[in-house]
Amino acid sequence: MRGVILDLVPGDALELAGVFFAALSGGLAAVRKRFDLVGVLVLAWAAGLGGGLLRDVLIGAIPPVGISDWRLVAAAVLAGAVTFFWHPRLERLRRSIIVLDAGALALFVLSGTMKGLEYGVGPLAAVFVGVLTGVGGGILRDLLTNEAPLLFQDKQLYAIPALAGAALTAALAGLGALGPLSQAGVLALVLGFRLLSLRLGWAAPGPWEGRTGRRGSGRM
């Protein structure tokens, strides 16, 4: 991720903050499942760095930053430790953590898409890896806790803001217009889209049932 994020704010600080706040969600999920300390730390690492790990494997960025950058690993482990010892307080700050998690999503989508473009994977593939960077950690978190991924079972808009941000990033890069201000605009789009959808209760549509509204009619 390094070197591909906003010039307006130090990239390293944004990366570390994004990993830390995403890892908190993994730590909290582990605590709710009554995992031990090792389980909490592992799940925090998976939630904070899992998306970047999957992205780097797909685009050939070896070794992945999720296992090679000690600062990012330390940020995820620190989030796990904080969750393990102070989870009652974090539960009371749930709304704040949701906002921070949305910010981490925006950051990961932007950095993931840009890293894909830097590695020459093409605009379409860059959009896919950008979305994967944003949502991959949450998917790994849910799978490791033996839950159906929230991304698939919950109709909250999560992947759609990520897709919008990744597509906009790739389009701006193709036009040569991906500067600091446009990057800030992408972050604002993903963050605002995600938070507004939560505030207004926007949801992805379920299976279309046709005009009759009946399920399982048996017709092919």
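The values are calculated or read from the model by the stated rules, or taken from the named source; none is laboratory data. What you see is a predicted model, and the numbers here were worked out from it, not measured in a lab. All Cβ positions, even for glycine, are placed from backbone atoms using ideal geometry, and neighbour counts span all protein chains on display. Please note that ligands, DNA and RNA were not included when accessible areas were found on the heavy atoms of the full protein model with its side chains. Shrake-Rupley method; radii C 1.70, N 1.55, O 1.52, S 1.80 Å.
Please list I62, I139, I98 in order of solvent-accessible area, largest first, computed with a 1.4 Å probe with all protein chains present. Could the numbers behind the result be given before it?
Numbers: I62 120, I139 35, I98 65 Å².
These residues rank, largest area first, as I62, I98, I139.
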- Message: For the stretch 45-183, what does the accessible surface come to per residue with a 1.4 Å probe? Please give it in Å².
- Response: 47 Å²
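Taking Cα pairs under 8 Å and at least six residues apart, what relative contact order does the chain come out at, in percent?
Working: 353 pairs, mean separation 48.2, N = 220.
Taking the mean separation of contacting Cα pairs over the length of the chain, I get 22 percent.
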- Query: Among 107-118, 13-24, how do they line up from the highest to the lowest mean number of other beta-carbon atoms within 10 Å?
  - Reply: 107-118, 13-24
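Determine the order of W208, W70, W86 by accessible area, beginning with the largest, at a probe radius of 1.4 Å. All intermediate terms of the calculation are to be shown ahead of the outcome.
Working: W208 220, W70 185, W86 130 Å².
The most accessible residue leads, giving W208, W70, W86.
Between W202 and R34, what is the FRET efficiency for a Förster distance of 30 Å, r being their Cβ-Cβ separation, to the nearest 0.05?
The value I calculate is 0.35.
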- Message: How would the chain be classified by its alpha-carbon gyration tensor: rounded, prolate or oblate, with rounded meaning a/c under 1.5 and the a/b versus b/c comparison settling the rest?
- Response: oblate
- For the chain, which whole percent of the accessible surface, found with a 1.4 angstrom probe, sits on carbon and sulfur atoms? 65 percent
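How high is the relative contact order of the stretch 69-182? Use alpha-carbon pairs under 8 Å, at least six apart in sequence, and give a whole percent. Intermediate values should be presented prior to the final figure.
On the way: 95 pairs, mean separation 26.8, N = 114.
Here the relative contact order equals 24 percent.
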- Item | Exposure rank, largest accessible area first [D56, D101; 1.4 Å] | D101, D56
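Quick one: if the Förster radius is 45 Å, what FRET efficiency do N146 and E118 give, using the C-beta to C-beta distance and rounding to 0.05?
Working: r = 36 Å, r/R0 = 0.80.
Efficiency, rounded to the nearest 0.05: 0.80.
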- Query: Residues with amide H under 5 Å of L157's amide H, sequence separation 5 or more or different chain, H placed in the peptide plane at 1.01 Å from N; which?
  - Reply: A204
